[in-house]
Amino acid sequence: MYDYELKKRIYSLFSVAWLVLPATVLFILLWRQIYNYMTTFPYYFKGFLMLSFMYALLLGSFLKVFDGVQTVYFHRVEPLLSLVPSILGVNFIFYMVTCLLSTYLVPVWGFAVLTLADLLMLSLIIKVLAHFRDKVLGEQKLLLIYAGHSKQEVKRICEGWDGAYKVDTMLSADEGFDKCKKAIKKHRAVVLCDLPSELRDKVALYCQEKNAAVYFVPGMSDMIFKNGHGLHYFEGHLIRKKTKELTMAQRFTLLSYLKKVYRGSIETLYERAQEVIERGGKEFIITANPQTFMSALSDDELNELLLKDEVLTVPDGYGLIVALKLAGFGDYQKIAGVEFAKLLLKMAEIKSLKVFLYGASEEVIRRMEEMIKRDYPHVVLAGAYNGYDHDHDEIMQKALEEKPDIFMAALGVPAQEKLIAKYYDRFEKGIFLGVGGSFDVLSGYKKRAPKVFLDLNLEWLYRICTEPSRIKKFVESNLYFMFELKRIKSIQ
Ligand code: UDP
């Protein structure tokens with residue numbers, strides 16, 4: 001055991017050196033070639049030595065802060081994720097230092113090239129190091145003890161762990177403490193997944209006795225238990241409520257929303273919707289993004305909806321996909337509301353279904369009507385009303401009379417969800433979907449982000465560039481959301 005810890009430490013030091021040294025050499029070579037003579041007092045040998053030392057120190061510190069010096073991790077992307085802010089941060093600081101030394105704004109392209117070269121080179125080095133680590137330290141074999149989930153469900157979460165950890169034994173807590181003890185003795189690390197608190201305490205103590213590391217799959221109770229130190233830090237923010245940070249209860253709620261997110265593809269969702277229509281059932285679908293979740297934290301009605309079993313939350317937004325991964329729920333696929341709405345129209349065309357549309361401006365809704373008549377001639381359009389000039393309740397009465405198979409509301413979050421929720425119980429059948437700004441796009445009134453943005457998961461960037469008024473909303477929801485998720489992760 002101690003031998004392993006020692007090896008881990010040596011490897012850790014070695015890997016930091018292999019990240020910091022090449023980056024420092026690259027920096028000094030570039031600085032000497034391009035920037036040295038722009039400064040008021042060019043450096044010679046000792047000056048370069050000092051500069052290298054400072055660069056190395058700063059990069060090492062950044063890597064430490066962003067967890068880049070971890071030896072073992074759950075996902076291969078983790079070291080890369082810490083590398084990007086470290087390199088960007090250090091190169092930005094040294095660019096500023098260079099400007100100060102030169103007393104004017106020196107050209108930035110040198111540092112841009114340096115940053116790209118660093119990222120390329122260090123990504124490669126990380127890959128080589130991971131290979132080397134597997135050889136020296138071997139795979140970290142985990143024992144996973146779980147409760148309250150099916151084996152398949154737990155297995156799916158673990159499949160997302162493509163880093164140094166591999167679950168080699170899975171044990172249901174139902175098998176009893178003695179069996180757990182036997183298995184713990186054979187392992188160096190143990191993951192506890194939603195164990196009842198009494199058993200969890202016993203297992204964690206036993207692991208400590210046997211020097212086995214304990215990890216926790218995010219489960220609310222587990223997070224509170226994890227460590228007193230983390231908990232104090234966590235609760236400290238409850239008191240400092242004047243900042244925009246979330247309270248502990250809100251963080252748990254955020255995790256509950258995440259836990260309920262639909263884990264499937266747009267194709268499986270389509271099949272599910274088709275099945276609902278065929279059997280004359282009904283389904284309420286929320287296409288959620290970080291903004292939906294953040295609004296729900298201060299909106300009781302939306303909060304209740306997101307936690308309701310009969311409401312299906314699908315991840316419409318890359319922010320949610322990243323969050324789910326960060327929180328340890330594994331890999332999810334994005335299901336864009338606009339794409340799903342289009343698929344529903346296709347289904348309606350194939351099956352000659354009744355569709356009711358409510359929301360968006362008069363121009364957009366008329367364009368939607370034309371588009372449906374033109375492209376989906378077999379769709380029975382039971383209603384198409386703009387979202388500005390009508391009384392919501394009157395429109396819903398009309399919808400109740402029409403009994404549509406598909407009802408889409410484009411009123412923005414959370415108005416559309418609340419309206420559906422208010423009348424949902426009075427409908428006997430149908431798919432009910434809040435689609436946000438989808439009518440604007442489907443009608444051709446607004447353009448969706450170009451393919452390259454979609455492929456790179458940068459649709460959000462396109463939207464804030466084309467509609468700068470969204471920046472505030474974006475910062476308030478997406479950025480805080482990510483920030484909170486990072487915090488939740490840090491206490492796991
Ligand atoms: N909208 C509406 N009535 C309102 C406010 C908004 O019909 O009182 C429409 C608006 O025209 C747009 C959609 O609701 O088509 C919401 O779009 P947004 O992009 O704001 O929603 P998001 O996709 O961000 O949820």
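Before we move on, is residue 327 of a type in the set (A, V, I, L, M) and within 16 Å of the ligand (Cβ to nearest atom)?
Spelling it out, it is not the case that residue 327 is of a type in the set (A, V, I, L, M) and within 16 Å of the ligand (Cβ to nearest atom).
For segment 417-440, how many residues meet the condition of being more than 12 Å from the ligand (Cβ to nearest atom) and on the phi > 0 side of the Ramachandran plot?
1
Return the residues of segment 2-46 that are assigned to a helix (DSSP H, G or I), over 17 Å from residue 109 (Cβ atoms) and of a type in the set (S, T, N, Q); say none if nothing qualifies.
12, 15, 24
Between a residue in segment 139-154 that is closer than 26 Å to residue 11 by Cα and any residue that is among the small types (Gly, Ala, Ser) and surrounded by fewer than 16 Cβ atoms within 10 Å (Cβ to Cβ), which pairs come within a Cβ distance under 9 Å, given they are 6 or more apart or on different chains?
Partner pairs satisfying both residue conditions: 140/213.
Quick one: which of 335, 350 is crowded, with 21+ Cβ neighbours inside 10 Å and either β-branched (Val, Ile, Thr) or at pLDDT 95 or above (or both)?
Every option except 335 fails the conditions.
Here are some residues: 237, 229. Which one is farther than 30 Å from residue 155 by Cβ, at pLDDT below 50 and either surrounded by 15 or more Cβ atoms within 10 Å (Cβ to Cβ) or touching a Phe, Trp or Tyr at 6+ places or on another chain (Cβ under 7 Å) (or both)?
Answer to the selection: 237.
Report whether or not residue 127 is at pLDDT 80 or above and surrounded by fewer than 19 Cβ atoms within 10 Å (Cβ to Cβ).
yes
Got a sec? Which of 323, 296 is modelled with pLDDT under 95, under 18 Å from residue 424 (Cβ atoms) and among the aliphatic types (A, V, I, L, M)?
296
Taking only segment 391-416 into account, find how many residues are within 15 Å of the ligand (Cβ to nearest atom) and more than 30 Å from residue 297 (Cβ to Cβ).
Of the residues in segment 391-416, 1 are within 15 Å of the ligand (Cβ to nearest atom) and more than 30 Å from residue 297 (Cβ to Cβ).
When you scan segment 441-453, do you find a residue that is away from the ligand (no atom under 15 Å from the Cβ), under 25 Å from residue 269 (Cα atoms) and touching a helix residue (DSSP H, G or I) at 6+ places or on another chain (Cβ under 9 Å), even just one?
Yes, segment 441-453 contains at least one residue that is away from the ligand (no atom under 15 Å from the Cβ), under 25 Å from residue 269 (Cα atoms) and touching a helix residue (DSSP H, G or I) at 6+ places or on another chain (Cβ under 9 Å).
Here are some conditions: (1) closer than 15 Å to residue 122 by Cβ; (2) surrounded by fewer than 17 Cβ atoms within 10 Å (Cβ to Cβ); (3) modelled with pLDDT under 90. Residue 25 meets all but one. Which one does it not meet?
Residue 25 satisfies all of (1) closer than 15 Å to residue 122 by Cβ; (2) surrounded by fewer than 17 Cβ atoms within 10 Å (Cβ to Cβ); (3) modelled with pLDDT under 90 except (3).
I'd like to check something: does segment 130-146 contain any residue that is touching a Cys at 6+ places or on another chain (Cβ under 9 Å), surrounded by fewer than 16 Cβ atoms within 10 Å (Cβ to Cβ) and not in a loop (DSSP other than H, G, I, E, B)?
no
Which residues, taken from segment 296-320, are part of a helix (DSSP H, G or I) and surrounded by fewer than 19 Cβ atoms within 10 Å (Cβ to Cβ)?
Result: 300, 301, 304, 307.
State all residues of segment 267-293 that are among the aliphatic types (A, V, I, L, M) and in contact with a helix residue (DSSP H, G or I) (Cβ under 6 Å, 6 or more places away or on another chain); if no residue qualifies, say none.
Correct list: 286 only.
Just the residues that are surrounded by 15 or more Cβ atoms within 10 Å (Cβ to Cβ) and at pLDDT below 85, please, taken from segment 156-178.
Matches in segment 156-178: 156, 157, 158, 160, 161, 163, 164, 165, 167.
Exactly one condition in (1) within 15 Å of the ligand (Cβ to nearest atom); (2) of a type in the set (A, V, I, L, M); (3) in a helix (DSSP H, G or I) is false for residue 335; which is it?
Checking residue 335 against (1) within 15 Å of the ligand (Cβ to nearest atom); (2) of a type in the set (A, V, I, L, M); (3) in a helix (DSSP H, G or I), the one that fails is (3).
Hey, could you check segment 353-364 for residues that are in a loop (DSSP other than H, G, I, E, B) and buried (at least 19 other Cβ atoms within 10 Å of the Cβ) and say which is farthest from the chain's Cα centre (by Cα)?
Per the criteria, the residue is 353.
Against the definition (closer than 17 Å to residue 439 by Cα, hydroxyl-bearing (Ser, Thr, Tyr) and more than 16 Å from the ligand (Cβ to nearest atom)), how does residue 358 come out, yes or no?
no
Could you please find all residues in segment 426-452 being hydrophobic (A, V, I, L, M, F, W, C) and under 22 Å from the mean Cα position of the chain (by Cα)?
435, 449, 452
Is there any pair linking a residue in segment 1-15 that is modelled with pLDDT of 75 or more to one that is in a helix (DSSP H, G or I) and among the basic types (Lys, Arg), with Cβ under 7 Å and at least six apart or on different chains, and which?
Correct list of pairs: 11/133.
The values are calculated or read from the model by the stated rules, or taken from the named source; none is laboratory data. Remember, it's a predicted structure, so these values are computed and weren't measured experimentally. Neighbour counts run over all protein chains shown; Cβ positions are idealised from the backbone, glycine included.
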